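Asker: Before we start, here is the structure in question, set down as structure tokens.
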Amino acid sequence: MADIAQKWGGTREASLAQTSLARLFDWKPFLVFLCLLPAIGLLVVFLTYPLGLGLWLAFTDTKIGRGGAFIGLDNFVSLWHDPIFWTAVGNTIFYTATATVGKFALGLWLALLLNHNIPFKSLIRAIVLVPWIVPTVLSAVAFWWIYDPQFSIISYILKDVMHLRSTNIDFLGTPWAARLSLIAANIWRGIPFVAISLLAGLQTISPSLYEAAMLDGATPWQRFRHITAPMLMPVLSVVLTFSVLFTFTDFQLVYAITRGGPINSTHLMATLAFQRGIPGGQLGEGAAIAVSMIPFLIAATLFSYFGLARRKWQQGETND
Amino acid sequence: MTDAALSTPEPPAPERLGVISWESGPRKLVTVYLPLACFVIVLLFPFYWMAITTFKPNNELYNYKDFNPLFVHSPTLANVKKLFFETDYPQWLWTTMLIAIAATALSIFASVLAAYAIQRLRFRGANWVGLAIYLAYLVPPSILFIPLAAMVVKLGLFDSPLALILTYPTFLVPFCTWLLIGYFKSIPYELEECALIDGASRLQILRKITLPLAVPGLISAGIFAFTLSWNEFIYALTFISSSEVKTVPVGIVTELVEGDVYHWGALMAGALLGSLPVAVIYSFFVEYYVSSLTGAVKE
């Protein structure tokens, strides 16, 4: 009897503990806290804190392996008088502007082509995305080989096949040629993302709008100008924001193809920050360069997002 | 997001425009097929070039006079052999795989819970938490890598794969959470209400009802996270210095180039084989990929 009583008691205690635990897990504030803990924890420790730490480092003279002291605006003052820094700023702005225009012009064209009724459409769409999914650095290495001064395939085709020029093109040897080569590689890499996202936007436009316009005798250009363009604006603004943001902070292509050369003329702000901060060991100065990107980034994001998203209410949709 | 991810993303295109379109055959050839062919050729050419460089012997590689450079005349595996037996390449492949899988698992775990809390538990301020996580995605790694390097050194994680496994979630978690919130939205709340009435606890509901229904969303998030961690470069370049623990992209750029001598054959072989895993995964899940990409943008 005693045995049984003990057994009963034991299970009841266990089940009580179990229900109170279960109740705790059904208590909403606790559950919300528990569910958000891993994600918010990771983001606060490895994103928010470093963001603040980066701002602080920019005002110190920290070096790798040695803590630094607060030196006020010294890093920024020395950057202000640094011609390489200003070259990098100019390059970054030029690179972002040119590459974005190129990506969107060609990407929109490709999206419009893919929106036609064509055979093997899903296969072509799958192929088109390949440059975007393959590791950027690896395709950059392929571009580096394509831009080789001696064995470039482009030079070969222009010189020996088409006889358009008599010498090889020196893609990466002079500052402007190198800048344009990098931009071409960046556009190549960016077209798929823009095209596929805009294609998704195009497919949400109702065909009846085009039919109505055709019955009214609208030309293809008028159809594009007055139906496609305004209907595409909301998607376009989101894609543009992302594209500007990631082009402005690009690092991989430049690092893999030119490493900032020839003579520091193709550095972007990100690669210059890396060069000064990590191999150069001047963490404080590197952080100052990275921090100087933030105002540009905020301005570019606000401009591309609000500049275009404004169209949303002009179409009479609710602005949610 | 929801519609695109559930149904196949094929549009009602075939009949569209066909009703009253005046596009004739030859004209369509010039305005559509020709430019499209150019796009496909330009977009794929670097990969073709990578592939044929991989299989070319050295005498062909640098002799355009006697051999047409656009084709391989006597293919060889010497470059692949050199890559696998004379460099740390196999080691890099394993390290990258390990880091990508671990970072993906960690991110999916954190994202599922966060997305479930934001979308389903309906607490006050859920929208603000969602917005904050979305904004985290807009913070680029180029700004974070210097302070993170200082942190990694201080935590004693420098040169350890753990440094990458812990930092990759900074860009994976926002992306996956965003994708999964959209996915959870598409699952009818009534199913959960039924389970609540039957006395299931919230965690049981998540495990037995919501997650099984969200499997396609989990696959999308998983392949995206895996590809993004496989492709990551700047953190891997900054936090790792020994050759054995480098990832494939970093290893190829830093270890295969010795001074001024570029072994183009081996470099291209490395780039080709390093792209292969993501390309294979992509080819299996291409529909998930396209629909979640387009869905994420539309959302």
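We did not get these values from a lab; they are worked out from the coordinates using the rules stated. This structure is a prediction, so every number in the text was calculated from the model and none was measured. Don't worry about glycine lacking a Cβ; one is built from the backbone with ideal geometry, like all the others, and counts go over all protein chains shown.
Asker: Just to be sure I follow the definition: excluding the sites themselves, where is the longest run in chain A that has none of the chymotrypsin sites (Phe, Trp or Tyr not before Pro) in a DSSP loop with at most 15 other Cβ atoms within 10 Å?
Answerer: Segment A:121-320 is the longest.
Asker: Which residue fluctuates the most in chain B, going by a Gaussian network model with Cα springs under 10 Å, if the choices are B:SER241, B:SER275, B:SER74?
Answerer: Of B:SER241, B:SER275, B:SER74, the most mobile in the Gaussian network model is B:SER74.
Asker: Return the calculated 222 nm mean residue ellipticity for chain A, to the nearest 500 deg cm²/dmol, obtained by summing -39500 (n - 2.57) across DSSP H runs with n ≥ 4 and dividing by the residue count.
Answerer: Theoretical 222 nm ellipticity from helices: -22500 deg cm²/dmol.
Asker: Right, here's the next one. State the extension gain, in nm to one decimal, for the chain segment bounded by B:ILE101 and B:VAL30, taking 0.36 nm per residue of separation less the distance between their alpha-carbons.
Answerer: Full extension of this stretch gives 21.0 nm more.
Asker: What is the distance, in nm, between label points placed 7 Å from the Cα along the Cα-to-Cβ direction at A:ASP216 and at B:LEU196?
Answerer: 4.8
Asker: Here's another thing I want to ask about it. Which of A:GLY190, A:GLY107, A:GLY67 moves most in a GNM of chain A, Cα contacts under 10 Å?
Answerer: Of A:GLY190, A:GLY107, A:GLY67, the Gaussian network model singles out A:GLY67 as fluctuating most.
Asker: In terms of modelled amide H atoms, which long-range or inter-chain residues lie less than 5 Å from the amide H of A:THR60?
Answerer: It is A:ILE71, by chain and number.
Asker: Could you work out how far helix B:89-120 tilts from the main Cα principal axis of chain B, as a 0 to 90 degree angle to the nearest 10?
Answerer: 20
Asker: Let me ask you something else. Where does each of A:HIS81, A:HIS116 land when they are ranked from fewest to most other beta-carbon atoms within 10 angstrom?
Answerer: A:HIS81, A:HIS116
Asker: What does the charge add up to near B:ARG120, with Lys and Arg as +1, Asp and Glu as -1, over the other residues with Cβ less than 15 Å from its Cβ?
Answerer: Summing Lys and Arg as +1 and Asp and Glu as -1 gives +3.
Asker: If you place +1 on the Cβ of every Lys and Arg, -1 on the Cβ of every Asp and Glu, and leave all else neutral, what size is the dipole of chain B about its Cα centre, to the nearest 20 Debye?
Answerer: 480
Asker: GNM, chain B, Cα, under 10 Å: largest mean-square fluctuation among B:LEU155, B:LEU29, B:LEU44?
Answerer: B:LEU29
Asker: How large is the translational diffusion coefficient of chain B in µm² per second when you combine the Kirkwood radius over alpha carbon pairs with Stokes-Einstein at 20 °C and 1.002 mPa s?
Answerer: This corresponds to a translational diffusion coefficient of 95 µm²/s.
Asker: Set Lys and Arg Cβ to +1 and Asp and Glu Cβ to -1, take the dipole of chain B about its Cα centre, and tell me which of B:PHE45, B:PRO188, B:ALA163 lies farthest positive.
Answerer: The Cα lying farthest towards the positive end belongs to B:PRO188.
Asker: Across peptide B:120-130, how many C-beta atoms of other chains are within 10 Å of each residue C-beta, on average?
Answerer: Counting other chains' Cβ atoms within 10 Å and averaging over B:120-130 gives 2.
Asker: Now a separate question. Answer rounded, prolate or oblate for the protein assembly as shown, using the Cα gyration tensor with square roots of eigenvalues a ≥ b ≥ c: rounded when a/c is under 1.5, else prolate when a/b is larger than b/c, else oblate.
Answerer: Taking the square roots of the gyration eigenvalues as a ≥ b ≥ c, the protein assembly as shown is oblate.
Asker: Another one. Taking the Cα centre of the protein assembly as shown as the origin, how large is its charge dipole in debye, to the nearest 20, when only Lys and Arg (+1) and Asp and Glu (-1) carry charge on their Cβ atoms?
Answerer: About 680 debye.
Asker: Filter the cross-link list B:LYS81/B:LYS246; A:LYS103/B:LYS246; B:LYS28/B:LYS65; A:LYS28/B:LYS208; A:LYS103/B:LYS185 down to pairs whose alpha-carbon distance in this structure exceeds 28 Å.
Answerer: A:LYS103/B:LYS246; B:LYS28/B:LYS65; A:LYS103/B:LYS185
Asker: Given the -39500 (n - 2.57) contribution per DSSP H run of 4+ residues, what per-residue ellipticity at 222 nm results for chain B, rounded to the nearest 500 deg cm²/dmol?
Answerer: -21000 deg cm²/dmol
Asker: Would you mind classifying segment B:80-176 by shape? Square roots of the alpha carbon gyration tensor eigenvalues, ordered a ≥ b ≥ c; an a/c under 1.5 is rounded, otherwise it is prolate if a/b is larger than b/c and oblate if not.
Answerer: prolate
Asker: Dipole magnitude of chain A about its Cα centre, charges +1 at Lys/Arg Cβ and -1 at Asp/Glu Cβ only, in debye to the nearest 20?
Answerer: Charge dipole of chain A: 320 debye, to the nearest 20.
Asker: Once R0 is set to 30 Å, what does the formula 1/(1 + (r/R0)^6) return for the Cβ-Cβ distance between A:TRP176 and B:LEU276, expressed as a FRET efficiency to the nearest 0.05?
Answerer: E between A:TRP176 and B:LEU276, to the nearest 0.05, is 0.25.
Asker: Which net charge results for the neighbourhood of B:LEU164, defined as the other residues with beta-carbon distances under 15 angstrom from its beta-carbon, given Lys and Arg at +1 and Asp and Glu at -1?
Answerer: Net local charge, B:LEU164 excluded: -2.
Asker: Round to the nearest 10 and give me the degree value, 0 to 90, for the angle of helix A:136-146's Cα axis relative to the longest principal axis of chain A.
Answerer: 20
Asker: Could I ask something else about it? Under the classification rounded if a/c is under 1.5, otherwise prolate if a/b is larger than b/c and oblate if not, where does segment A:77-314 fall, given a ≥ b ≥ c as square roots of the Cα gyration tensor eigenvalues?
Answerer: Oblate is the answer for segment A:77-314, as a/c is 1.5 or above yet b/c matches or exceeds a/b.
Asker: Tally Lys and Arg at +1 and Asp and Glu at -1 over the other residues with C-beta under 13 Å from the C-beta of B:LEU148: what net charge comes out?
Answerer: Local net charge: 0.
Asker: Just tell me how shielded A:87-98 is by partners: mean number of partner chain Cβ atoms within 10 Å of each residue's Cβ, no decimals.
Answerer: 0
Asker: Summarise the partner chain shielding of B:132-142 as one whole number: the mean count of Cβ atoms from other chains within 10 Å of each residue's Cβ.
Answerer: For peptide B:132-142, the averaged partner shielding equals 6.
Asker: Sort the following peptides by mean Cβ neighbour count (other Cβ atoms within 10 Å, averaged over residues), highest first: B:92-98, B:124-130.
Answerer: My ranking of the peptides, most packed first, is B:92-98, B:124-130.
Asker: While we're on this one: Once both axes come from the Cα atoms, what is the angle between helix A:229-248 and the longest principal axis of chain A, in degrees from 0 to 90, rounded to 10?
Answerer: 90
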